[in-house]
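Undergrad: I have a structure I would like to understand better, so I am pasting it below and will then ask my questions one at a time.
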Ligand code: GLA
């Protein structure tokens with residue numbers, strides 16, 4: 001993919017020009033658990049964002065997006081920088097966050113090109129943030145470890161863009177490994193890479209519905225979880241987050257919680273259990289159990305957390321009976337975007353053609369179906 005970036009490049013090559021890439025992600029299981037200090041199991045995907053960077057003598061950042069064919073410029077010394085609901089918010093947010101964290105940046109000319117489908121729940125935003133972060137840091141001769149980079153990019157999204165996301169997307173973009181999913185404890189940030197069997201493929205089915213509601217609904221879900229924690233913490237010792245509540249404890253206090261808060265909490269708590277079971281299943285090569293857990297996760301997201309939509313439900317319902325399918329569920333924040341399907345490698349082509357026809361017939365839209373391996377972490381690319 002580096003080659004196609006080169007075709008469009010505006011920045012001429014010199015020894016000071018560097019190129020970085022950061023992948024998007026698909027989440028196998030563990031949805032809406034990251035901001036509850038819980039467990040997730042994402043994998044980095046082949047789609048990514050490329051950022052080419054060269055230094056400037058001043059403190060200006062000039063950024064050209066090949067996707068939007070648009071140039072944006074800002075000064076790192078402008079204290080009035082604010083989000084404007086624009087693609088460049090992610091770049092500005094990362095620059096401002098790094099600079100304010102004491103990593104004083106040199107000015108930079110940036111060019112960005114991404115292949116992660118936008119608004120499809122595959123973390124195009126995290127991939128822009130991480131690639132931009134790597135580029136701006138290298139341009140100013142800073143080395144930051146991947147955990148810190150993930151944290152800084154998450155703060156950019158939380159505090160500048162205003163999306164109160166957890167750390168999953170930025171973390172996997174910084175820690176992906178080829179052929180492996182990642183089990184992450186979002187509280188301790190301890191993680192483990194889990195090999196994916198060569199006999200299965202991750203098939204990502206794009207409903208073609210953009211997840212536009214995601215920002216506002218997402219922040220609301222997070223607020224409801226916090227309300228649940230506040231209530232439960234007064235009654236159960238040691239509760240700091242939903243991560244600390246067992247299914248049994250939740251049931252004991254169910255009648256004291258508003259019904260909606262109870263259901264939101266039930267999703268998060270049961271999803272944490274499913275992720276841990278899924279990790280065991282994957283380690284044991286038990287793909288049937290993993291698939292069942294993925295199916296259960298979808299139901300919980302649909303009914304308890306209410307972040308699915310008709311098209312996501314349709315896509316999983318059409319996928320499940322197809323030959324070679326172990327499990328299917330929505331992936332990412334929800335309200336549109338993609339499903340993730342664990343499918344026997346030998347059935348990949350049949351899955352793609354049958355599901356495309358059936359989804360088109362019912363939804364009236366041709367879905368995009370991507371076959372992705374689990375990809376490597378973000379880093380510098382050879383030019
Ligand atoms: C979005 C957020 C993540 C995570 C998922 C839901 O992708 O950016 O932090 O919360 O939604 O699991």
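Undergrad: What does a probe at residue 71 reach in the stretch 83-125, counting residues whose amide N is under 16 Å from the point 7 Å along Cα→Cβ?
TA: Once the point is set 7 Å along Cα→Cβ of residue 71, 108-112 turn out to lie under 16 Å by backbone N, inside the stretch 83-125.
Undergrad: Answer rounded, prolate or oblate for the stretch 185-228, using the Cα gyration tensor with square roots of eigenvalues a ≥ b ≥ c: rounded when a/c is under 1.5, else prolate when a/b is larger than b/c, else oblate.
TA: Working: a/c = 4.10, a/b = 1.29, b/c = 3.19.
Note, shape of the stretch 185-228 comes out oblate.
Undergrad: With springs connecting C-alpha atoms under 10 Å apart, model the chain as a Gaussian network and identify which of 177, 234, 357 has the largest mean-square fluctuation.
TA: Residue with maximal mean-square fluctuation among 177, 234, 357: 234.
Undergrad: Okay, moving on. Mind listing the Cα extents of the stretch 73-178 along all three principal axes, in Å, largest one first?
TA: Principal axes ranked by extent give 36, 30, 25 Å for the Cα atoms.
Undergrad: Which residue fluctuates most in the GNM of the chain (Cα springs below 10 Å): 215, 166, 102?
TA: So, out of 215, 166, 102, the one fluctuating most is 102.
Undergrad: If you split all Cα-Cα distances of the stretch 193-257 into 10 Å bins from zero, what percentages do you get per bin, shortest first?
TA: 16, 28, 20, 29, 7
Undergrad: Among 315-321, 92-98, 143-149, how do they line up by average Cβ neighbours within 10 Å per residue, starting with the highest?
TA: Details: 315-321: 19.6, 92-98: 25.0, 143-149: 15.3.
With the highest mean Cβ count within 10 Å placed first, the list reads 92-98, 315-321, 143-149.
Undergrad: Averaged across orientations, what area in nm² does the convex hull of the alpha carbons in the stretch 200-372 project? Intermediate results must be reported in sequence, preceding the final value.
TA: Details: hull surface 42.1 nm².
For the stretch 200-372, averaging the hull's shadow over all directions gives 10.5 nm².
Undergrad: Would you mind calculating the relative contact order of the chain from Cα pairs under 8 angstrom and at least 6 residues apart, reporting the percent as a whole number? Display every interim value, and only then the final one.
TA: Details: 823 pairs, mean separation 93.1, N = 383.
Relative contact order here is 24 percent.
Undergrad: Here's another thing I want to ask about it. Starting from the Cα gyration tensor of the stretch 307-360, take the square roots of the eigenvalues, sort them a ≥ b ≥ c, and report rounded, prolate or oblate (rounded when a/c is under 1.5, otherwise prolate if a/b is larger than b/c, else oblate).
TA: prolate
Undergrad: Take every Cα-Cα distance within the stretch 15-100, group them into 10 Å bins from 0 onward, and report for each bin the whole-number percent of pairs it holds.
TA: Over the stretch 15-100, the share of Cα pairs per 10 Å bin runs 13, 35, 33, 17, 2 percent.
Undergrad: Taking Cα atoms, how many degrees apart are the long axis of helix 310-319 and the longest axis of the chain, rounded to 10 and kept between 0 and 90?
TA: Value to nearest ten degrees: 70.
Undergrad: On to the next question. List, largest first, the extents of the alpha carbons of the chain along their principal axes, each in whole Å.
TA: 62, 53, 38
Undergrad: In degrees between 0 and 90, to the nearest 10, how far off the longest principal axis of the chain does helix 89-100 point, with axes built from Cα atoms?
TA: 70 degrees
Undergrad: Then there is this: For the stretch 200-372, calculate the relative contact order in percent as a whole number, restricting contacts to Cα pairs under 8 Å that are 6 or more residues apart. Don't skip to the end; give the middle numbers.
TA: Details: 255 pairs, mean separation 60.5, N = 173.
35 percent.
Undergrad: Determine the principal axes of the Cα atoms in the stretch 19-66, then give the extent along each, sorted from largest to smallest and rounded to whole angstroms.
TA: 44, 24, 14
Undergrad: Give me the orientation-averaged projected area of the Cα convex hull of the stretch 78-126, in nm², one decimal. Let's see the in-between values first.
TA: Numbers: hull surface 17.1 nm².
Mean projected area of the Cα convex hull: 4.3 nm².
Undergrad: Where does helix 214-235 land angle-wise versus the long Cα axis of the chain, in degrees 0 to 90, nearest 10?
TA: The answer is roughly 60 degrees.
Undergrad: Name the most mobile residue of 112, 269, 236, meaning the one with the largest mean-square fluctuation, in a Gaussian network model of the chain with Cα contacts below 10 Å.
TA: 236
Undergrad: Between the stretch 204-239 and the stretch 65-143, how many Å separate their Cα centres?
TA: 26 Å
None of the figures in this text is laboratory data; all of them are computed from the coordinates on show. Only a predicted model underlies this, so the values are computations on that prediction, with no experimental measurement involved. Glycine also receives a Cβ, built like all others from the backbone with ideal geometry; neighbour counts cover every protein chain displayed.
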